[in-house]
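Participant: Please find one structure pasted underneath; my questions will follow.
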Amino acid sequence: MSKLQANISGIIKSSVIDGPGNRMVIFFQECNLNCMYCHNSHTIGLCNLCGTCVDTCPTNSLKIDSENKRIIHNENTCTRCDECIKVCPENSSPFYKQMSVEDIICEILEVKDFISGITVSGGEVMLHAPFLSLLFQEIKSHPDLKHLSILIDSNGNINQEKWDSLLPLIDGVMLDIKAYSAKTHKQITGYSNEKILKSIEYLNDKNKLKELRFVLTPDYNNDESELREIAKLMKSVSPNVGKTLIKMRNHGIRKEFSFLREASNEEMNFAKDIFGQADIDILVI
Amino acid sequence: MEEIKNRVLQVLTDGNLDYRQKKHHLAYIAESTQDYPDISKEATEALNEKIICDLFEGNAPYRPRYVLPDYAYALKNGVNYLELEPPTNFDEAINFLSILYVQVPSITGYSVYLGNIDTLLLDYVGDLSEDEIYKKMKLFWRFIDRTLPDAFVHINIGPEDNVIARVILRIERELKQVVPNLTLKYDPEITSDELLLEASKTVFEVAKPHIANHKMTAADFKGDYGVVSCYNSLPVGGGSHTLIRLNLKKITDLHSGDAESFISGTLKKYCKMTLDVIEARSKYLVESVKYYDTDFLAKEGIISLDNFSAMFGFYGLAECVNQLMKRSGKELIYGKDEEANQLAHLILEEMKKILDAREVPYCKGNNGKAFFHAQSGIDIDIEETAGARIPIGIEPDIYSHINTVAPHHHLFNGGISDIFHFDETVKRNPAAILDIIKGAFRKGMRMFTFNLSNGEFIRITGYLVRRSDLKEFREEGSRYGSALFAANSMDNANVDNRVSKRVISNEQVAGKY
């Protein structure tokens, strides 16, 4: 098997919220957006061994292993106070691990009898397209795993050709649209949405868009014209694509973005009505 | 005599009991005037010390603990004793069963088994529409709850997907009654995913049905089986004379050596003693009371002594294992550490061997042997965890939980239960539950029971109560006999925190007077 490795920030062996059925979810480290309301901001960056977390840890549970260029984490003394994550200047964490395709296959085999499939998520998982390709091929050729469905949870901010090798192996992609106007998108995520809009169109054409989600962020993407554009976009994809309107929750977001506020019931209803007027069947959560 | 008079007076004047409940308790007091069936002095002491527990079945068994009438046979042949002709249509069939149910004895005074109801009624559907069936079944369901107000009253559906099973699940969600308790027999090769999905959605509302691994359970029986009372699987047309349970925690307290000597000595000794009690009680019922010669159910072939056996139960496995581990200098815990889990399996396998080596009279229903049952607790169990369960509060993640308990489920032909909890979010994705149930059965689980956190229905191990009934009972008594046990269980076992112990039968109430 390939020596290719990926940085894995976590694996959840039973999730009921990452696609249909009971699923194992594999979270990859590193993201190419920087959303203000990111609830897992420690999965955005990569560790550069600066040592800030090592100096901060109140239980001295972290150590730099310069030879192998990694942080050693002592699970026995760590109290999971997460101070290390809060102080990390790179939006990273000392907890992610390098794993091979084989390592991940072993983890899936452990729970294969209990799941409908796997979901890969992030960070931005499409930054690891070559690794995913190997992983998915391995799953699809494994006699005990080939029945599992494979879903990708992506931000869509990726060149179109990156999708091509993966689409034949997967069941679908769940994707967010953070804003329709490029300007608003840049405000919320730090980046333009050009590639994302193309990904949506492309995946829809290929019949691989499973779900399209919109996170309502008051004062940013909740004015009427923005909502109507989002509604238009949602209307442009197949009716079979699940659509979800998500209320941004400010619990667990970074301190510097604590000014973000959650939508009121009126604001949620206003958005809901606009989708309703466009005749879009949308799940609100 | 003075003591009896006082106990009777206490029942007569207890404002929390209704008329029928009083009669039940008075009968228990009357029964207690008889000598206990003939057992050794040592066994008597073990019973007094609650090392062996007869679940307050009473001194002089005059009816079997669990009776599973062959309702299909009764419907086909009619019942002379009740002057009932075989029914010819749906209304007559429901009327027939309603009359028969009230006549079926059990340890609680209410029938613990109402049949595999969808299969029984399908023959009578004729050209009735689903809506007509729904209306009739809804009235039937109300009759059952109001006439047999005891949560141990149990009905079965499945494994085939059919209109009656679906209508029942719909009615369950609408009526939200405690009674009847409900089991869906599930076989992935027979039962549709849609029916299992409907059942799961019903669990979200009313914490039932339980899901039984049909293929695995059916393989343990010569004929049909039913799931009755609290997770007891027994032969249809038969049942169990008695259920006697061994307190594994208490016998570990009495034992002074290591795990090896426990298994070869203490465990063996008390298993034998428990079987002696089972034998004495079974003989009393059959030979002295001559129940099976005199009751109309037996005389008319609706039950047969040949389909009966008796049940050997136990509880407190977790405490037993943890203590033996501690004595060997290891802080290893059942449910968490592999070595402790292995010891648990070893103890259970040894018990099963002891059971299988002992011929018990009048147990033809299980080839002359007692059924092995992981008993799911009653309200007086304070220090002991139900059956072979992992103690409340220290359950590991769901996969580890299943992987810990599934390897021993095959031993329990008399039934076993483990309860799993799911967060409310699963309501949005019930297919996830299907995955886990199917996985659990692939791993060898016999029965799968789950609850949602914070539901109105609380499962006190095997049976259900409503939160509101519990509150009401504490204030002014309840129509349901089982609410008292639940109240006691809540007091004794932190059931509020999760779900804990099952409470078993009305004799416990009577035992208080």
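The values are calculated or read from the model by the stated rules, or taken from the named source; none is laboratory data. Since the structure is predicted, the reported quantities are computational estimates derived from the model, not experimental observations. All Cβ positions, glycine included, derive from the backbone under ideal geometry; neighbour counts span all protein chains shown.
Participant: Can you confirm whether A:N60 is within 14 Å of chain B (Cβ to nearest Cβ) and not acidic (D, E)?
Facilitator: In short, no.
Participant: Further question on the same structure: Over 30 Å from B:Y315 (Cα atoms) and under 21 Å from the mean Cα position of the chain (by Cα): is that true of B:I133 in this structure?
Facilitator: no
Participant: Also: Tell me whether segment A:258-281 contains one or more residues that are more than 14 Å from chain B (Cβ to nearest Cβ), closer than 24 Å to A:H42 by Cα and assigned to a helix (DSSP H, G or I).
Facilitator: no
Participant: Right, B:N366: surrounded by fewer than 24 Cβ atoms within 10 Å (Cβ to Cβ) and either in contact (Cβ under 8 Å) with a residue 40 or more places away in the chain or more than 20 Å from B:C271 (Cβ to Cβ) (or both) or not?
Facilitator: no
Residue-by-condition table, conditions (1) outside the structural domain of A:R261 (by TED's automatic domain parsing); (2) on the phi < 0 side of the Ramachandran plot:
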{"residue": "A:G21", "(1), (2)": "no, no"}
{"residue": "A:H39", "(1), (2)": "no, yes"}
{"residue": "A:T56", "(1), (2)": "yes, yes"}
{"residue": "A:C81", "(1), (2)": "yes, yes"}
{"residue": "A:V111", "(1), (2)": "no, yes"}
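Participant: Which one of these is among the β-branched types (V, I, T), buried (at least 18 other Cβ atoms within 10 Å of the Cβ), modelled with pLDDT under 95 and under 29 Å from B:Y28 (Cβ atoms): B:I155, B:I107?
Facilitator: B:I107
Participant: While we're looking at this one, here's another question. Looking at A:D219, A:D164, A:D205, which is the one that is assigned by TED's automatic domain parsing to the domain that holds A:E262, exposed (fewer than 15 other Cβ atoms within 10 Å of the Cβ), more than 18 Å from the chain's Cα centre (by Cα) and touching a residue at least 24 places away in the same chain (Cβ under 8 Å)?
Facilitator: Just one listed residue meets the conditions, A:D219.
Participant: Then there's this: Checking B:V360 against (1) under 20 Å from the mean Cα position of the chain (by Cα); (2) part of a loop (DSSP other than H, G, I, E, B); (3) not polar (S, T, N, Q), only one condition comes out false. Which one?
Facilitator: In the conditions (1) under 20 Å from the mean Cα position of the chain (by Cα); (2) part of a loop (DSSP other than H, G, I, E, B); (3) not polar (S, T, N, Q), B:V360 misses (1) alone.
Participant: Assuming B:P87 fulfils every condition listed in (1) in contact with a Phe, Trp or Tyr (Cβ under 7 Å, 6 or more places away or on another chain); (2) without any contact (Cβ under 8 Å) to a residue 40 or more places away in the chain; (3) surrounded by fewer than 16 Cβ atoms within 10 Å (Cβ to Cβ) apart from one, which condition is it?
Facilitator: Against the list (1) in contact with a Phe, Trp or Tyr (Cβ under 7 Å, 6 or more places away or on another chain); (2) without any contact (Cβ under 8 Å) to a residue 40 or more places away in the chain; (3) surrounded by fewer than 16 Cβ atoms within 10 Å (Cβ to Cβ), B:P87 comes up short only on (3).
Participant: Next up: Given the conditions (1) of a type outside the set (D, E, K, R); (2) out of contact with any helix residue (DSSP H, G or I) (no Cβ under 7 Å at 6 or more places or on another chain); (3) not in a loop (DSSP other than H, G, I, E, B), which single one is not true for B:N16?
Facilitator: (3)
Participant: I'd like to check something: does segment A:15-26 contain any residue that is away from chain B (no Cβ under 14 Å) and not basic (K, R)?
Facilitator: yes
Participant: For segment B:417-437: of the residues being more than 20 Å from B:P396 (Cβ to Cβ) and more than 8 Å from chain A (Cβ to nearest Cβ), which is modelled with the lowest pLDDT?
Facilitator: Per the criteria, the residue is B:E424.
Participant: Next question, about the same structure. Of everything in segment B:29-83 that's of a type in the set (F, W, Y) and surrounded by 21 or more Cβ atoms within 10 Å (Cβ to Cβ), which residue is nearest to the chain's Cα centre (by Cα)?
Facilitator: Per the stated criteria, the residue is B:Y66.
Participant: Here's another thing I want to ask about it. Scan segment B:369-405 residue by residue and report those that are closer than 20 Å to B:Y225 by Cα and either surrounded by fewer than 22 Cβ atoms within 10 Å (Cβ to Cβ) or of a type outside the set (A, V, I, L, M) (or both).
Facilitator: Once the filter is applied, which keeps residues that are closer than 20 Å to B:Y225 by Cα and either surrounded by fewer than 22 Cβ atoms within 10 Å (Cβ to Cβ) or of a type outside the set (A, V, I, L, M) (or both), segment B:369-405 yields B:K369, B:F371, B:F372, B:H373, B:Q375, B:S376.
Participant: To continue, here is another question. Looking at (1) closer than 29 Å to B:L68 by Cα; (2) out of contact with any strand residue (DSSP E or B) (no Cβ under 9 Å at 6 or more places or on another chain); (3) modelled with pLDDT under 95, can you tell me which one B:G377 breaks?
Facilitator: Failed condition: (2).
Participant: Please state which of the following conditions A:I12 fails to meet, knowing it meets all the rest: (1) at pLDDT 90 or above; (2) in contact with a strand residue (DSSP E or B) (Cβ under 9 Å, 6 or more places away or on another chain); (3) more than 14 Å from chain B (Cβ to nearest Cβ).
Facilitator: With (1) at pLDDT 90 or above; (2) in contact with a strand residue (DSSP E or B) (Cβ under 9 Å, 6 or more places away or on another chain); (3) more than 14 Å from chain B (Cβ to nearest Cβ) applied to A:I12, the lone miss is (3).
Participant: Are any of the residues in segment B:387-399 assigned to a helix (DSSP H, G or I) and more than 18 Å from B:M216 (Cβ to Cβ)?
Facilitator: So far as segment B:387-399 goes, yes, one or more of its residues are assigned to a helix (DSSP H, G or I) and more than 18 Å from B:M216 (Cβ to Cβ).
Participant: Sort out which residues of segment A:172-194 are under 18 Å from A:E224 (Cβ atoms), in a helix (DSSP H, G or I) and touching a residue at least 24 places away in the same chain (Cβ under 8 Å), and write them in order of number.
Facilitator: Answer for segment A:172-194, where residues must be under 18 Å from A:E224 (Cβ atoms), in a helix (DSSP H, G or I) and touching a residue at least 24 places away in the same chain (Cβ under 8 Å): A:T184, A:Q187, A:I188.
Okay, residues lined up against (1) without any contact (Cβ under 8 Å) to a residue 60 or more places away in the chain; (2) in the same structural domain as A:I246 (by TED's automatic domain parsing); (3) in contact with an Asp or Glu (Cβ under 9 Å, 6 or more places away or on another chain); (4) of a type in the set (A, V, I, L, M, F, W, C):
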site: A:E67; (1), (2), (3), (4): yes, no, no, no
site: A:I72; (1), (2), (3), (4): yes, no, yes, yes
site: A:E75; (1), (2), (3), (4): yes, no, no, no
site: A:C78; (1), (2), (3), (4): yes, no, no, yes
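Participant: Hey, another quick one. How many residues, within segment B:380-400, are in contact with a strand residue (DSSP E or B) (Cβ under 9 Å, 6 or more places away or on another chain) and within 11 Å of chain A (Cβ to nearest Cβ)?
Facilitator: Qualifying residue count, segment B:380-400: 3.
Participant: Do you know which residues across segment B:406-432 are part of a helix (DSSP H, G or I) and in contact with a Gly (Cβ under 7 Å, 6 or more places away or on another chain)?
Facilitator: B:A406, B:P407, B:H409, B:A431, B:A432
Participant: Let me ask you something else. Look through B:I94, B:I99, B:I133 and report the one residue that is part of a helix (DSSP H, G or I), exposed (fewer than 14 other Cβ atoms within 10 Å of the Cβ) and assigned by TED's automatic domain parsing to the domain that holds B:G158.
Facilitator: B:I99
Participant: If I filter segment B:114-130 for residues that are in the same structural domain as B:N89 (by TED's automatic domain parsing), farther than 20 Å from B:N89 by Cβ and either assigned to a strand (DSSP E or B) or among the aliphatic types (A, V, I, L, M) (or both), do I get at least one hit?
Facilitator: The answer is no, given that none of the residues of segment B:114-130 is in the same structural domain as B:N89 (by TED's automatic domain parsing), farther than 20 Å from B:N89 by Cβ and either assigned to a strand (DSSP E or B) or among the aliphatic types (A, V, I, L, M) (or both).
Participant: Name the single residue, out of those in segment B:319-334 being in contact (Cβ under 8 Å) with a residue 12 or more places away in the chain and in a loop (DSSP other than H, G, I, E, B), that is surrounded by the most Cβ atoms within 10 Å (Cβ to Cβ).
Facilitator: By that ranking, first place goes to B:Y334.
Participant: Could you list, in sequence order, all residues of segment A:228-257 that are assigned to a helix (DSSP H, G or I) and hydroxyl-bearing (S, T, Y)?
Facilitator: Scanning segment A:228-257 gives a single hit, A:S236.
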